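The values are calculated or read from the model by the stated rules, or taken from the named source; none is laboratory data. It should be emphasised that the depicted structure is a prediction, and the values quoted were computed from it without experimental measurement. Cβ coordinates were reconstructed from backbone atoms using ideal geometry, including for glycine residues, and neighbour counts include every protein chain displayed. We work out accessible area using only protein heavy atoms, side chains counted, and drop any ligands, DNA or RNA first. Shrake-Rupley method; radii C 1.70, N 1.55, O 1.52, S 1.80 Å.
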Amino acid sequence: NENCCVGLTTFEPSNMKFSSLIFFCAAFIQTSFVDGNEVGCVTGVVEGQDYFPNKAVAEDSQQWSVTYENTYKVVSNAAAGESYLLYQCGTEPPAEQLDGRHAAVLSVPLEDVGVLYTTMIPFLEILGAREMIGAFLGSSSWVSSPCVSALFDQGLIEEVADPYDATKITNIPLDMPSFVGTSGGTALQTEIKVSVENEEKNLAAFEWIKFYSLFFNLEETANEIYGATKARYHCAEENAALLSCGDEQKSVVLWASYSTYCGGWDVATCPNYYCEFAEVCQAKLLNSDEMGSFYSEACFRNYMTTEEFIEFGKDADIWIYTSPDFDNAFATFGDNLTDFVSIQNKEVYDTEGQGANAWFEQRLAEPDVVLQDFCDLVGTENLNVPNPHKRVWFRNVFTEPVGSLGQCEDPAAPLTTKATECVALPATVCAGSGSSGSGSASKTSGLLVAALVALAAACIVV
């Protein structure tokens, strides 16, 4: 800062040294850093100053990257094959970059953006950029977020019912920067393509929160959020390994639902996001590459017949039903499902812990929460802590009501995580049971080990 050299010249008897120090101080001031990334436009641009001292780096994501210069950054989406030149508002975009190589040239931070998919909303909400959403490119009825719904009601977010027909987009400018999918295709002139679905790992998908942050100069916030989420994820992973070590028989999980529209049973195929959750939580996930013998003309792929599904899933310990219509399916097929172990033991869960559709909107933005939920179901979540994890997404269809996201308390406040802070188990913990009993033995032994750890800790304190 301007006072960086105060007092130094009192130790310099030579005019030459005095002049050198003045030169040094002037140079220092000219190359100094701003205190964090700018949240608005700058005035009086200082040559040589780094206007993005807080930087984002992709640690796990494979599909995006960013390079920084003092006054601009270049963001690339490998899956879409596009790049975006983002220059600090108040500065000029570099002339040598304005040769058409970039899909968009934007002054940042952005203040008004469109979003095409509901899955994009929680990323912006977590960043604290909810109020930067100027338009939703679809029906507002698809949105689960209470605060975004409140902004719709207040007229602060526009609904663009048909974003693919320019003649029908009359309530927002066609050049509004808008986050869209990898293939794009809307009538908006400034598309920012997001390729979360191209990532292979859950944390890599969540790390797109950093990608979003680049357009709002919120890298510092994104780095903190991602770091905390990643730490919880790996802590839960390590706990699950410790709580299940020595168990030869893992909990068997059925991940499936019936599709009325497609006319068949939709079962897990790996690799997929849920396969990773099962693996990390030390569970066995039933999956099928063939998916079944029934080809659905409506959905252009294969599904299982009821007979195939019964044989496939009847012995699973736990059934996660992945659509919000279990009651309808059970009313239709209940007589065929009586031999299911999961039905007999009332170990069937759907994804309506926060409402009918919130899962589809938010689960990409909360991988640590989903992991803790999954590990809780199969008995490899450390619950013997002062504040044990309470399931957020998976609710027992027989004993628990459909949940809700609740009311919006403050549209300006960031969306807070529903994750539980993970308490790491000591590395010496190991069940070591080697049990060859039923899959539920893993759940029981995991809870027993955690209880013994808590008891031992209490004894040490005493």
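Things worth noting here:
- Taken over the range 43-155, the convex hull of the Cα atoms encloses 141 Å³ per residue.
- Solvent-accessible area of the range 231-323 (1.4 angstrom probe, protein heavy atoms only): carbon and sulfur portion equals 49 percent.
- Charge tally in the Cβ shell below 9 Å around T182, where Lys, Arg are +1 and Asp, Glu are -1, T182 excluded: 0
- More than 20 Å apart - percent of Cα-Cα pairs taken over the range 310-441: 55
- Gyration tensor (alpha-carbon) shape descriptor, the range 194-345, a/c threshold 1.5: oblate
- Sulfur and carbon atoms: percent of accessible area, the range 100-141 [1.4 Å]: 44
- Quick note on the chain: its Rg to Rh ratio, both from C-alpha atoms and Rh being the Kirkwood radius, is 1.06.
- Positive-end residue of P426, I133, S323, charge dipole of the chain with Cβ unit charges: P426
- Helix-derived mean residue ellipticity, 222 nm - over the chain, DSSP H n ≥ 4, -39500 (n - 2.57), to 500: -8500 deg cm²/dmol
- Loop-resident trypsin sites (Lys or Arg not before Pro) (DSSP state other than H, G, I, E or B) in the range 292-390 with no more than 13 further Cβ atoms inside 10 Å of their Cβ: K346, K390.
- The range 381-423 - Rg and Dmax from Cα coordinates, angstrom: 13.5, 37
- Across the range 88-136, the convex hull enclosing all Cα atoms gives 96 Å³ per residue.
- Over the range 140-281, equivalent-ellipsoid semi-axes from the Cα gyration tensor in Å: 37, 23, 15
- Mean-position separation - Cα centroids, the range 372-387 and the range 285-332, in angstrom: 27
- Taking GluC sites (Glu not before Pro) in DSSP loop states with no more than 12 other Cβ atoms inside 10 Å as exposed sites, the chain has its longest site-free stretch at 48-247.
- Lysines with Cα under 28 Å of K55, excluding same-chain neighbours fewer than 8 positions away: K73, K193, K201, K210, K230, K418
- The long axis of helix 219-244 is offset from the longest Cα principal axis of the chain by roughly 30 degrees.
- Accessible surface, per residue, of the chain when the full set of protein chains is kept, probe 1.4 Å, Å²: 47
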